[in-house]
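Working notes, structure below.
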Amino acid sequence: MSSADLSFGTDAPLLEVMSTMRAMRKLKPDPVPEDLLVQLVEAAIWGPSGSNAQAYSYVVVTDREQMAALARLWDVVATFYLGTAGKAVPDGMTEESYERMRAALRFQRDHFAETPAVIIPCYDLGPWQRKVMRNVGEVRKATFALGPRRAVTVLRNYGRFGDMGAAASVYPGVQNLLLTARALGLAATMTTWHQLIEAEFKQVLGIPRNVQTFAVIPIGYPAGRFGPVSRKPAADTIHWDRWAG
């Protein structure tokens with residue numbers, strides 16, 4: 001059996017896990033043991049956390065009624081994607097290879113209610129930010145020290161900075177989760193389409209308005225095969241020292 005087919009286990013060779021971690025959308029309906037789902041979340045929380053705020057939470061869905069409710073929303077966002085971005089073949093892919101991906105997307109959409117488990121990573125920086133702002137005198141002093149022009153720039157960018165900081169504290173953990181799933185022989189894929197109608201997903205999941213959601217990650221045992229990922233060469237992506245060309 002090749003490494004593309006097997007579970008590496010907890011002593012997984014990291015680079016081999018990375019290089020064979022395809023986005024797997026075709027899942028068997030077999031349930032995933034709860035202890036493995038907990039292990040995936042544990043791997044996620046080992047990821048970086050801005051200011052070590054650890055403001056993450058994970059909603060793990062296995063209930064069949066909940067999954068059916070999510071499937072109805074998934075049909076909306078997946079169909080929209082297939083009708084928009086799904087019509088444009090990315091550079092580096094042929095129409096034939098992209099059609100295989102579309103077929104997997106359609107399969108996932110049409111069988112979403114059978115998904116064994118879904119994990120939704122969430123983040124809420126509100127409590128930590130309120131702690132920072134309680135020390136208003138020091139915040140004001142630090143802002144004035146920037147000088148007028150730079151202070152205006154910083155304040156203008158602060159909202160985006162907060163959003164990026166939250167994302168930077170979630171997505172590395174998501175990658176940990178995906179790598180661990182691959183090492184354990186589980187199939188998974190990170191998706192963000194739910195954000196198109198996030199409020200409806202939050203309503204089904206009971207997630208408060210102030211909590212940000214960053215992905216919906218379907219997880220199960222693969223119906224297909226793992227295999228090498230297809231990416232452009234690293235040399236084609238590197239700009240040494242400064243952007244040029």
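Residue count for segment 186-219, restricted to those that are assigned to a loop (DSSP other than H, G, I, E, B) and open to solvent by 10 Å² or more (accessible area, probe 1.4 Å): 9. Could you go through segment 97-118 and let me know if any residue there is surrounded by fewer than 15 Cβ atoms within 10 Å (Cβ to Cβ), modelled with pLDDT of 90 or more and polar (S, T, N, Q). Within segment 97-118, none of the residues are surrounded by fewer than 15 Cβ atoms within 10 Å (Cβ to Cβ), modelled with pLDDT of 90 or more and polar (S, T, N, Q). Within the bounds of segment 155-174, is there any residue that is out of contact with any Pro (no Cβ under 7 Å at 6 or more places or on another chain), at pLDDT 95 or above and within 23 Å of residue 63 (Cβ to Cβ)? Checked segment 155-174: no residue is out of contact with any Pro (no Cβ under 7 Å at 6 or more places or on another chain), at pLDDT 95 or above and within 23 Å of residue 63 (Cβ to Cβ).
From the list 88, 23, 68, 78, which residue is surrounded by fewer than 18 Cβ atoms within 10 Å (Cβ to Cβ), closer than 29 Å to residue 110 by Cβ and under 20 Å from the mean Cα position of the chain (by Cα)?
On the way: 88 fails: under 20 Å from the mean Cα position of the chain (by Cα); 68 fails: under 20 Å from the mean Cα position of the chain (by Cα); 78 fails: surrounded by fewer than 18 Cβ atoms within 10 Å (Cβ to Cβ).
After ruling out the rest, the residue left standing is 23.
Filtering segment 47-81 to residues that are in a helix (DSSP H, G or I) and aliphatic (A, V, I, L, M) leaves 67, 68, 69, 70, 71, 73, 76, 77, 78.
With respect to the conditions (1) closer than 18 Å to residue 117 by Cβ; (2) touching a residue at least 60 places away in the same chain (Cβ under 8 Å), residue 212 lacks only one, and its number is (1).
Among the residues that make up segment 148-162, is at least one of them in a helix (DSSP H, G or I), in contact (Cβ under 8 Å) with a residue 24 or more places away in the chain and not polar (S, T, N, Q)? Show your work before the answer.
Quick first cut of segment 148-162, residues in a helix (DSSP H, G or I) only: 148-162.
Subsequent filtering for residues that are in contact (Cβ under 8 Å) with a residue 24 or more places away in the chain retains 162.
Still in the list and also not polar (S, T, N, Q): 162.
Yes, segment 148-162 contains at least one residue that is in a helix (DSSP H, G or I), in contact (Cβ under 8 Å) with a residue 24 or more places away in the chain and not polar (S, T, N, Q).
If the condition is being within 19 Å of residue 192 (Cβ to Cβ) and among the hydroxyl-bearing types (Ser, Thr, Tyr), then segment 61-91 contributes 79, 81, 84. If you go through segment 54-65 and keep only what is touching an Asp or Glu at 6+ places or on another chain (Cβ under 9 Å), open to solvent by 30 Å² or more (accessible area, probe 1.4 Å) and under 22 Å from residue 209 (Cβ atoms), you end up with 56, 57, 60.
The values are calculated or read from the model by the stated rules, or taken from the named source; none is laboratory data. These figures come from a predicted structure and were not determined experimentally. Here the Cβ is made from the backbone with ideal geometry for all residues, glycine too, and neighbour counts use every protein chain on show. Just the protein is used for accessible areas: all its heavy atoms, side chains included, with ligands, DNA and RNA removed. Shrake-Rupley method; radii C 1.70, N 1.55, O 1.52, S 1.80 Å.
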